[in-house]
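A quick write-up on the structure given underneath.
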Amino acid sequence: MIDLKLLQKDFETMSSKLIRKGVDLELIEKLREKSQELKKAKASFETLQALQNSMSKEFGTYKREGKDISELKRRVDANKVVISEALEIQRNADLELETIAMSIPNIPDDDVAHGADESDNEELKKVLTPREFSFTPKEHWELAEQNGWIDFERGVKLATSRFSVSFGMGARLERALINFMLDFNRSRGFAEVSVPALVNRTALEGTGQLPKFEDDLYKMQDLDLFLIPTAEVPLTNLFQDEILASEELPVKMTAYTSCFRKEAGAAGRDTRGMIRQHQFHKVELVTISHPDKSDEIFSEMVECASDILTALELPHRLVSLCTGDLGFSAAKTIDLEVWLPGQNTYREISSVSNTREFQARRAKIRFKDGKKNSMVHTLNGSALAVGRTLVAIMENNQQEDGSITIPEVLKPYLGM
């Protein structure tokens, strides 16, 4: 959640930053209105409370001077009723402001380029040179079916569209990739964690998926529990409503989970193959950081994801997202896009984001900063999306006869 105190203190600056993120001006004005209502409600309550304290002190004076306290008591009792009403008004104003604020995205960092959509993103660099083929490379679904690795029709039979079943070497490669990625991340200082695949509403509010993106989530019938869209949610919320010691930071974690997304906003996109599935495997990185260290850690996380792709000999590029393409909770994001020769294009395989205090404020994750408690910074990123990595291996390592070579770093995980 954005800093509402900063909003009240410097509305113009904050609103200009929100407009860069694409927030509607009408919603910003409503935020200002509710912020001012809360400010007035607090001032009214504090004035009445001060009056109550002043009258309460008069009791001692009246008693010492032998005065009749009945009139004073009547005024004190009447003021108590008004205070109670003022407190209720303040609570309602606070709730209304928070409800609106929960639907407001994070403000972008000042150095994030302004732009409308992904066409305005900035390529930072390319890593490795795409292979030149002496034949026309096939797309991954053709290779998957030809080699018997992935069966899309049986996935539909078991569930619905955008589900698939992996067989034989396809299934073994997925498991090899998961183990390789977890081992690689642990070598970079990220502790391995195993987390639930179901989380409650509070957890999803903490990381920003709720309330705005409920239509994209799978919800348990009759229970306020949801299948996780990413391990970012349980990993970050491990420290929900906690105060960490400064020396505990950073907390660097990695986890493998299956992830579940309805892809409600992706109708008609990537309907074939494994690029956009309702259920997919992913290895995630999450860091709970001291604010002074989050930029450094952000670079470490981007480097970690990039180095995994390099170890797998997969050409890729780093792209800085513009304001119009940033996710809801992100202040800054770098996407890693892997080269897919079958599609003759780069496709996203990881997003690494720094959310600054945004998620920490929603999830109430703090640290002891001397004598006071301050908000941590939270960061997250894929290292990597397993299915998309398998897609990239198939397309980049295909041979003219349709067979696929295995990256050297995965052979030990396959007993080869």
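The values are calculated or read from the model by the stated rules, or taken from the named source; none is laboratory data. The shown structure was predicted, so the numbers you read here are calculated from the model rather than taken from an experiment. Cβ atoms come from the backbone with ideal geometry, glycine included; neighbour counts cover every protein chain shown. All accessible areas refer to the heavy atoms of the entire protein, side chains included, with ligands and DNA or RNA removed. Shrake-Rupley method; radii C 1.70, N 1.55, O 1.52, S 1.80 Å.
Might you tell me the accessible area per residue for the stretch 4-101, computed with a 1.4 Å probe and given in Å²?
66
Heavy atoms only, probe 1.4 Å: what % of the accessible area of the chain goes to carbon and sulfur, would you let me know?
Here it works out to 48 percent.
Give a residue-ordered list of calculated ³J(HN,Hα) values for the stretch 180-190 (Karplus: 6.51 cos²θ - 1.76 cosθ + 1.60, θ = phi - 60°; whole Hz; x for Gly, Pro).
My calculation for the stretch 180-190 gives 4, 5, 4, 5, 4, 5, 5, 5, 9, x, 9 Hz in order.
For every other residue with a beta carbon closer than 12 angstrom to the beta carbon of residue 179, add +1 if it is Lys or Arg and -1 if Asp or Glu, then tell me the sum. Intermediate results must be reported in sequence, preceding the final value.
Details: positive: 172, 175, 186; negative: 174, 183, 192.
Every neighbour counted, the sum reads 0.
Rounded to whole Å, give me the distance from the Cα center of the stretch 280-304 to that of the stretch 326-401.
8
Reachable lysines from residue 219, Cα under 23 Å, same-chain residues fewer than 8 places away excluded?
Once the sequence-local lysines are set aside, what remains near residue 219 is 157, 262, 282.
I need the per residue convex hull volume for the stretch 4-101, using only the alpha carbons, in cubic angstrom as a whole number.
Value for the stretch 4-101: 84 Å³ per residue.
Provide Rg over Rh for the stretch 270-416; use the alpha carbon set for both Rg and the Kirkwood Rh (inverse mean inverse pair distance).
1.06
Using packing as a proxy for protection, rank 278-288, 208-218, 58-68 so that the peptide with the highest average count of other Cβ atoms within 10 Å comes first.
Averaged packing, sorted descending, gives the order 278-288, 208-218, 58-68.
Which Cα, out of 376, 93, 164, lies furthest along the positive dipole direction of the chain (beta carbon charges, K/R +1, D/E -1)?
93
Cα-Cα over 30 Å: which of 40/73; 30/57; 9/332; 30/252; 34/73?
Violating the 30 Å limit, Cα to Cα: 30/57; 30/252; 34/73.
Just check the stretch 177-271 against the gyration tensor rule for me: Cα atoms, a ≥ b ≥ c as the square roots of the eigenvalues, rounded for a/c under 1.5, and otherwise prolate or oblate depending on whether a/b exceeds b/c.
Because a/c hits 1.5 or more and a/b fails to exceed b/c, the stretch 177-271 counts as oblate.
Ordered by residue, what ³J(HN,Hα) values in Hz, to whole numbers, does the stretch 63-68 give under the Karplus form 6.51 cos²θ - 1.76 cosθ + 1.60, where θ = phi - 60° and Gly and Pro are x?
5, 5, 8, x, 7, 6
Check cross-link reach from residue 138 to the aspartates and glutamates: straight Cα distance under 13 Å, and skip same-chain residues fewer than eight apart.
Straight-line reach from residue 138, under 13 Å: 395, 400, 401.
Give me the accessible area per residue for the stretch 129-264, probe 1.4 Å, as a whole number in Å².
Values: 6970 Å² over 136 residues.
Roughly 51 Å² per residue, with all protein chains present.
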